[in-house]
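Participant: Please find one structure pasted underneath; my questions will follow.
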Amino acid sequence: MRWWLFALLWLMSFPVLGAAAQHGVVILQYHHVGDDTPRVTSITAAELEAHFAYLQEHDYQVVSLQQAQQYIASGEVPDKLVAITFDDGWRNVYDNGLAVFKRYEYPFTIFVNPQLMAETPRLYMDWEQLKELENYGATVANHSNHHQHMTWQAPDESTGEWLARQQQDVLAAQAALMHGMGSAQPRHFAYPYGEYNPELAEMLAEQDFIAFGQHSGPWGPETPLTEIPRFPASAQYANLKTLATKLASLPLPVLSHAPASMVLDAEEAADGITVQVRLKHTDDFDATQLGCFYQGERVAPKWQELTFALQLEQLPIGRSRVNCTVPSKSEPGRFYWYSVPLVRPNDVGRWPD
Ligand SMILES: [Zn+2]
């Protein structure tokens, strides 16, 4: 064969001459399993089974959060990694989910509140049930001791006292996990209500935790390890069609966003705010195709080099979030996804659950 023909064939063996997509880990977040619990945080056993069957049929690799953490740390994240999480440790997860867990033996994490388990045992799984679920893939992790709004500072305490109180609560819960499960559990923390601020994130990082929120998007290499997103998969999000899009989503390469804290200044938020998101690159998508939504309304991004800005008017009191997506060039049909969580406090610094 002529050398140039050989060279041409060799060149043609590369399928895409552009940037390849960066893959991440999609984490699903559930609460209740049942049909007699608040629908907004529930999935029926049949829907859970349908989700697990979908993952199996579509060759997703379900990994534990520990395995996901290793993949992210290695910088080599294969495609189609999914992790499964349940928040609060409701008893109905055991009662209605056990048969599904037994059938698939997928790894999953249950984030529990040890103090609440002790106070209201009829609502929550006990340690024996959690240990039984360990046999079918469960890891038990920290959701704080009390499930309170962690960012709320009491009127009579200093910032230092508030942070010390939060640290004590997290560490007490971690000690209770070790005692209850009979072995040390991974330092994985899910923020109650998905609420946090930079001080809490820094405290958790210092205590060697990685931490998970409730804003959506895949976990990518640029994701801060104390702000890991998860996709809600209950209620209206249980729909397999929309879930399929999320399972196929890619992590937007975000370097930083502003405001730095999801908990906004009450006065500033009253007049609306500007959210800014700075990207590492736009190699695998067309920036003009970025679509962002807030409260069901489209918000037009204003680009300046690799940063886009979103002007938000009318923020509701309490939690809300901005979702942005943009189609991948190299993997048609798939979308990069990023979400910015926000909380607007009322004038005394509080908001509803
Ligand atoms: Zn919770």
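The values are calculated or read from the model by the stated rules, or taken from the named source; none is laboratory data. This structure is a prediction, so every number in the text was calculated from the model and none was measured. Backbone-built Cβ (ideal geometry, glycine too); neighbour counts: all protein chains shown. When the accessible area is computed, the model is the full protein with side chains, heavy atoms only, and any ligands, DNA or RNA have been set aside. Shrake-Rupley method; radii C 1.70, N 1.55, O 1.52, S 1.80 Å.
Participant: Could you list, in sequence order, all residues of the stretch 292-332 that are among the acidic types (Asp, Glu) and surrounded by 12 or more Cβ atoms within 10 Å (Cβ to Cβ)?
Facilitator: First, the residues of the stretch 292-332 that are among the acidic types (Asp, Glu): 297, 305, 313, 331.
Selection gives GLU331 alone.
Participant: What's the total number of residues in the stretch 261-271 that are open to solvent by less than 60 Å² (accessible area, probe 1.4 Å) and either β-branched (Val, Ile, Thr) or part of a loop (DSSP other than H, G, I, E, B) (or both)?
Facilitator: 4
Participant: Still on this model: From the list PHE231, PHE189, exactly one residue is open to solvent by less than 10 Å² (accessible area, probe 1.4 Å), in the same structural domain as VAL40 (by TED's automatic domain parsing) and under 16 Å from THR139 (Cβ atoms). Which is it? Show your work before the answer.
Facilitator: On the way: PHE231 fails: under 16 Å from THR139 (Cβ atoms).
PHE189 is the lone residue from the list that is open to solvent by less than 10 Å² (accessible area, probe 1.4 Å), in the same structural domain as VAL40 (by TED's automatic domain parsing) and under 16 Å from THR139 (Cβ atoms).
Participant: Continuing with the same structure: Cβ-Cβ below 7 Å, separation at least six or inter-chain, first residue in the stretch 121-132 and part of a helix (DSSP H, G or I), second not β-branched (Val, Ile, Thr): which pairs?
Facilitator: Sorted first by the residue in the stretch 121-132, then by its partner, the pairs are TRP127/GLY180; TRP127/MET181; GLN129/TYR94; LEU130/ALA138; LEU130/MET181; LYS131/MET181.
Participant: I'd like to verify a number: residues in the stretch 300-339 that are aliphatic (A, V, I, L, M), touching a strand residue (DSSP E or B) at 6+ places or on another chain (Cβ under 6 Å) and over 16 Å from LYS246 (Cα atoms), how many?
Facilitator: Residues that pass the stated criteria total 6.
Participant: Which residue pairs have Cβ atoms under 7 Å apart, sit 6 or more places apart or on different chains, and have a first residue in the stretch 140-157 that is of a type in the set (A, V, I, L, M, F, W, C) and in a loop (DSSP other than H, G, I, E, B) and a second that is away from the ligand (no atom under 14 Å from the Cβ) and open to solvent by 30 Å² or more (accessible area, probe 1.4 Å)?
Facilitator: TRP152/ARG350
Participant: Name the one entry in THR274, THR242 that is surrounded by fewer than 19 Cβ atoms within 10 Å (Cβ to Cβ) and outside any strand (DSSP E or B).
Facilitator: Values: THR274 fails: outside any strand (DSSP E or B).
Answer to the check: THR242.
Participant: Condition test on GLU49, is it among the acidic types (Asp, Glu), out of contact with any Ser or Thr (no Cβ under 7 Å at 6 or more places or on another chain) and open to solvent by less than 70 Å² (accessible area, probe 1.4 Å)? Outline the logic, then answer.
Facilitator: Details: among the acidic types (Asp, Glu): yes; out of contact with any Ser or Thr (no Cβ under 7 Å at 6 or more places or on another chain): yes; open to solvent by less than 70 Å² (accessible area, probe 1.4 Å): yes.
Spelling it out, GLU49 is indeed among the acidic types (Asp, Glu), out of contact with any Ser or Thr (no Cβ under 7 Å at 6 or more places or on another chain) and open to solvent by less than 70 Å² (accessible area, probe 1.4 Å).
Participant: Please go through (1) at pLDDT 95 or above; (2) under 23 Å from the mean Cα position of the chain (by Cα); (3) farther than 18 Å from GLY97 by Cβ for ALA190 and return the number of the only condition it doesn't satisfy.
Facilitator: Checking ALA190 against (1) at pLDDT 95 or above; (2) under 23 Å from the mean Cα position of the chain (by Cα); (3) farther than 18 Å from GLY97 by Cβ, the one that fails is (3).
Participant: Checking GLN56 against (1) more than 16 Å from the ligand (Cβ to nearest atom); (2) within 17 Å of TRP219 (Cα to Cα); (3) of a type in the set (S, T, N, Q), which single condition isn't satisfied?
Facilitator: Every condition holds for GLN56 apart from (2).
Participant: Now a separate question. I want to confirm something. Restricting to the stretch 153-164 and keeping residues that are exposed (fewer than 15 other Cβ atoms within 10 Å of the Cβ) and not polar (S, T, N, Q), which single residue is nearest to ASP208 (Cα to Cα)?
Facilitator: Filtering the stretch 153-164 for residues that are exposed (fewer than 15 other Cβ atoms within 10 Å of the Cβ) and not polar (S, T, N, Q), the one nearest to ASP208 (Cα to Cα) comes out as ALA164.
Participant: Out of curiosity, is VAL62 away from the ligand (no atom under 16 Å from the Cβ), within 18 Å of the chain's Cα centre (by Cα) and over 18 Å from PHE189 (Cβ atoms)? Before the answer, list the steps.
Facilitator: On the way: away from the ligand (no atom under 16 Å from the Cβ): yes; within 18 Å of the chain's Cα centre (by Cα): yes; over 18 Å from PHE189 (Cβ atoms): yes.
Yes, satisfied.
Participant: Taking the condition open to solvent by less than 60 Å² (accessible area, probe 1.4 Å), modelled with pLDDT under 95 and under 29 Å from GLU47 (Cα atoms), does ALA248 pass? Spell out the reasoning first.
Facilitator: Numbers: open to solvent by less than 60 Å² (accessible area, probe 1.4 Å): yes; modelled with pLDDT under 95: no; under 29 Å from GLU47 (Cα atoms): yes.
Here the answer is no, as ALA248 does not meet what is asked.
Participant: Do we have ASN96 as within 23 Å of THR41 (Cα to Cα), in a helix (DSSP H, G or I), in contact (Cβ under 8 Å) with a residue 24 or more places away in the chain and open to solvent by less than 50 Å² (accessible area, probe 1.4 Å) here? Even if it seems obvious, please write down each step before you answer.
Facilitator: Working: within 23 Å of THR41 (Cα to Cα): yes; in a helix (DSSP H, G or I): yes; in contact (Cβ under 8 Å) with a residue 24 or more places away in the chain: yes; open to solvent by less than 50 Å² (accessible area, probe 1.4 Å): no.
In short, no.
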